[in-house]
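Here the structure comes first, spelled out in structure tokens, and everything after it is commentary.
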DNA sequence: ACCTGAACACCGTTCAAGT
DNA sequence: ACCTGAACACCGTTCAAGT
């Protein structure tokens, strides 16, 4: 483990504990066993350190999406699994989810590039599912955006407690993903 | 305008300009024409000031939802308009959207209460739309959650630039809301 | 090349007073 | 009741040195 890796690991742990404000360069340095401004020798500023954390997390997401552990899985089943993985990851690591898709990261060209690759893979999967009749025909980019937006919104509302507003939230984020895919499956078969 | 109102207005303006970090109590005080810690006589801390901003915004959202300007509008048309208003509000005031539904607000009991009222109204609308056959039958809470999660996710991805990953995003947040309602409408009529 | 310690500006918050 | 000014602790960032 290089010092750089130690710094990223410490920043990730602090992020999980209390969000970006908890990630102080002083505490990151302390946990990595260096001085409070040693991070500046590896990252231009705090923002760059958080970007490194976000990129590391994006790489994990992409690995899940491009891996196909179930041999010969149908596109629809694979799409379902990928989207369920996505909402489970978000619920398991809510602060990483907030970081990766949050405000501060929309200026990072590096992150934008990785997001593009993940997105293209999702569009491919969607197109295959359409061809199999598991989704309605039409622009695969648009159909993929629909599925992704639902999963993203369900994960975000679930994390912030807005899915269970009355204290009796009857639908989990995973339920909503399944509901959407079921409705889209009906529409795909009936057309 | 009381001093308190001036403080909330200044905080709202600063939030729009650069997010919560930009909202410093010193600058809020300066814009309201008071000292840098006069805000402490009206709010217990910065968090409480931001909560006041969030609550003000939630009240506006609720007013849009409970108002029915189009007389005798059908439930489905009204639901469509409410959800389109929601994504337009989010795109117009991205930092307010991030504040209201973001991390820091999930501990505010007052905000939670207001969210509950808005949510119940949406469930009512959904139930009416289901009765009219514009949405598939089933638990209205769950159907409402599906619509809301899609709108929320589409708005969030649109704001952070993730809907147009390839530089040629073919679906706007509004498009996705319409797509979902169309598919749900088909499923409602065919059952 | 990588790291340290002092220093600076800025911010949230507290406190002792003022009217 | 409402406000002010000084003060404290903390943080991001910079700089002059050290090996």
- Going by the structure shown, is residue A:60 more than 11 Å from DNA strand D (Cβ to nearest atom), surrounded by fewer than 15 Cβ atoms within 10 Å (Cβ to Cβ), more than 14 Å from chain B (Cβ to nearest Cβ) and assigned to a helix (DSSP H, G or I)? yes
- Of all the residues that make up the range A:17-37, how many are buried (at least 17 other Cβ atoms within 10 Å of the Cβ) and part of a helix (DSSP H, G or I)? 5
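Rundown of residues vs (1) within 12 Å of DNA strand C (Cβ to nearest atom); (2) within 20 Å of the chain's Cα centre (by Cα), yes/no style:
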site: B:16; (1), (2): no, yes
site: B:19; (1), (2): yes, yes
site: B:35; (1), (2): yes, no
site: B:45; (1), (2): yes, no
site: B:49; (1), (2): yes, yes
site: B:64; (1), (2): no, yes
site: B:79; (1), (2): no, yes
site: B:83; (1), (2): no, yes
site: B:89; (1), (2): no, yes
- Item | Every residue from the range B:38-52 that is within 7 Å of DNA strand D (Cβ to nearest atom) and either part of a loop (DSSP other than H, G, I, E, B) or under 22 Å from residue B:100 (Cβ atoms) (or both) | B:42
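Considering only residues that are in contact (Cβ under 8 Å) with a residue 40 or more places away in the chain and assigned to a helix (DSSP H, G or I), which ones fall in the range B:128-142? Please lay out each step first, then the result.
Going residue by residue through the range B:128-142, those that are in contact (Cβ under 8 Å) with a residue 40 or more places away in the chain are B:128-137.
Scanning the range B:128-142 gives B:128, B:129, B:130, B:131.
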- Examine the range A:86-98 for a residue that is within 14 Å of another protein chain (Cβ to nearest Cβ) and within 16 Å of DNA strand D (Cβ to nearest atom), and state whether such a residue exists. yes
- Task: Mind listing just one residue for me: the one in the range A:170-184 that is more than 8 Å from every other protein chain (Cβ to nearest Cβ) and in contact (Cβ under 8 Å) with a residue 24 or more places away in the chain and, of those, surrounded by the fewest Cβ atoms within 10 Å (Cβ to Cβ)?
- Result: A:178
- Would you mind stating whether residue B:124 is over 28 Å from residue A:103 (Cα atoms) and either part of a helix (DSSP H, G or I) or touching a strand residue (DSSP E or B) at 6+ places or on another chain (Cβ under 9 Å) (or both)? yes
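Values in this text are rule-based calculations from the coordinates and carry no lab data. No experiment lies behind these values; they were computed from the predicted model shown. Cβ atoms come from the backbone with ideal geometry, glycine included; neighbour counts cover every protein chain shown.
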